[in-house]
1. Name the residues in segment 47-89 that are hydrophobic (A, V, I, L, M, F, W, C), closer than 30 Å to Leu277 by Cβ and exposed (fewer than 15 other Cβ atoms within 10 Å of the Cβ), would you?
2. Polar (S, T, N, Q), open to solvent by 40 Å² or more (accessible area, probe 1.4 Å), touching a helix residue (DSSP H, G or I) at 6+ places or on another chain (Cβ under 8 Å) and not in a loop (DSSP other than H, G, I, E, B): which single residue out of Gln275, Gln286 fits that description?
3. Could you list, in sequence order, the residues of segment 303-325 that are within 14 Å of His341 (Cβ to Cβ) and part of a strand (DSSP E or B)?
4. For a quick check of your reading of the model, give me the residue pairs whose first member lies in segment 241-254 and is farther than 24 Å from Arg157 by Cβ, whose second is β-branched (Val, Ile, Thr) and open to solvent by less than 30 Å² (accessible area, probe 1.4 Å), with beta-carbon atoms closer than 8 Å and at least 6 apart or on different chains.
5. Of everything in segment 163-203 that's acidic (Asp, Glu) and part of a strand (DSSP E or B), which residue is surrounded by the most Cβ atoms within 10 Å (Cβ to Cβ)?
6. Mind checking which pairs have a first residue in segment 9-30 that is on the phi > 0 side of the Ramachandran plot and of a type in the set (Ser, Thr, Tyr) and a second that is assigned to a helix (DSSP H, G or I) and open to solvent by 30 Å² or more (accessible area, probe 1.4 Å), Cβ under 6 Å, 6 or more apart or different chains?
7. Starting from residues that are over 19 Å from the mean Cα position of the chain (by Cα) and outside any helix (DSSP H, G or I), keep the ones in segment 13-59 and report whichever is farthest from Tyr81 (Cα to Cα).
8. Please work out which residue is surrounded by the most Cβ atoms within 10 Å (Cβ to Cβ), limiting yourself to segment 313-349 and to residues that are in contact with a Ser or Thr (Cβ under 6 Å, 6 or more places away or on another chain) and at pLDDT below 95.
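The values are calculated or read from the model by the stated rules, or taken from the named source; none is laboratory data. As the structure is a prediction and not an experimental result, all values here were calculated from the model. FYI the Cβ positions are ideal-geometry reconstructions off the backbone, even for glycines, and counts take in every protein chain you see. Ligands, DNA and RNA are stripped out before the accessible areas are found, and what is left, the full protein with its side chains, is counted by its heavy atoms. Shrake-Rupley method; radii C 1.70, N 1.55, O 1.52, S 1.80 Å.
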Amino acid sequence: MGSDLARVVRAQQQGCEIGGSDLYTTVLEEVALDVGRGGPCARVLAAHAEEPVADAVVLRLLAAVHELVLAGEAPDLARHYPSVGGVPGAGVGEAFVAAVADHRERVAERTAAPIQTNEVGRSAALLGGFLAVAAAGRPLRVLEVGASAGLNLRFDRFRYEAGGHALGPEGSPVVLRDPWVDRRPDLTGPVPVVERRGCDLRPLDPLDAGDRMRLRACLWPDQPDRRARLDGALAVAAEVPAPVDRADAATWTEACLADPRPGVATVVVHSIVAQYLSPRTRRDLQRAVTRAGAAATPEAPVAWLRMEPSSVQEAEVRLTCWPADRARGPEGRVLAHSAFHGPPVRWEA
């Protein structure tokens, strides 16, 4: 059991290294050692040893402890966490394990909660897809699966700047500057959104203090750009409604798509969600979208925009539009590749 858990920790350590978090790479070195000797981290993680790797239990442990830091309950560890003004230093791994030991019951409780990385940077990867759908001249009805707090449902209220071009309102608290490598989508077209709605099994409310804390805890403490984007998106959320229903992904999508909307383009979108769905739910979700696509008309088109892992290091952005892509099949076309959290994005369409 301990060796299996240690392998899971090592795999997440590699993910954090690829994702650019030196802090968590160092912390997880000590967590792996603690798991090997049956310490407090091992006892917390053991309760989830039978869960699929895709359930991200190690990220949930990291977020549970980050919550303690943000709440001011782990001062020794906070000295190392930039998210509260600390500076990473020698002993951060040992301080992390000590925090788990001191607050084991609380950490165990919060580790059971699902990860909620409502990463705003993913909007830069998805934007080109929304632009491609809107180019047909119809306003968008956006339906997001696994929306968490629904922050990316407000993608059109963020500002994107690259190569002397810009899209989005001036003065937006979220500004994504030069998120694309080499080429970029055409930023000149409008992206009118007339409806935005999402679903999640455990949605968060961006106006609730506790839920905002959870969102911040799921970010990696040594990545200030991501924190700034999150804080900006929370400010946007306070001004732009985007309801997120507590619902199963496939059932909710099927119900929404049963109500065609002539005059608008309906876009079903999700980003880094598929791994958290059961195989049956993934099949049912695809069936619901493709069935709606088969019934789509030029007056009521349907699009499926998704950003999901294509390898251990990056995600792939795909778009299928009906009826335009009917001959192409549900796989559609690849628009871009990006890091899991968004920038840098390689635009390929």
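1. Pass one, segment 47-89, residues hydrophobic (A, V, I, L, M, F, W, C): 47, 49, 53-54, 56-59, 61-65, 68-71, 74, 77-78, 84, 87.
Among the residues that remain, those that are also closer than 30 Å to Leu277 by Cβ are: 47, 49, 53-54, 56-59, 61-65, 68, 70.
Hits for segment 47-89 are Ala47, Ala49, Val53, Ala54.
2. Values: Gln286 fails: touching a helix residue (DSSP H, G or I) at 6+ places or on another chain (Cβ under 8 Å).
Exactly one residue qualifies, and that residue is Gln275.
3. Of segment 303-325, the ones within 14 Å of His341 (Cβ to Cβ) are 307-309, 313-315, 317.
Answer for segment 303-325, where residues must be within 14 Å of His341 (Cβ to Cβ) and part of a strand (DSSP E or B): Met307, Glu308, Pro309, Ala315, Val317.
4. Going by the 8 Å Cβ cut-off, the qualifying pairs are Asp248/Thr281; Ala249/Val145; Ala249/Val273; Ala249/Thr281; Ala250/Thr281.
5. Within segment 163-203, the first condition is being acidic (Asp, Glu), and the residues that meet it are 170, 178, 182, 186, 195, 200.
Now narrow it down to the ones that are part of a strand (DSSP E or B): 195, 200.
Working: Glu195: 15, Asp200: 25.
Of everything passing the filter in segment 163-203, Asp200 is surrounded by the most Cβ atoms within 10 Å (Cβ to Cβ).
6. If the second residue must be assigned to a helix (DSSP H, G or I) and open to solvent by 30 Å² or more (accessible area, probe 1.4 Å), no pairs are left.
7. From segment 13-59, those over 19 Å from the mean Cα position of the chain (by Cα) are 22-23, 25-51; that's our starting set.
Then drop every residue that is not outside any helix (DSSP H, G or I), which leaves 37-39, 47-51.
Details: Arg37: 25, Gly38: 25, Gly39: 22, Ala47: 27, His48: 26, Ala49: 28, Glu50: 31, Glu51: 29 Å.
Checking each candidate, the answer is Glu50.
8. Gly332
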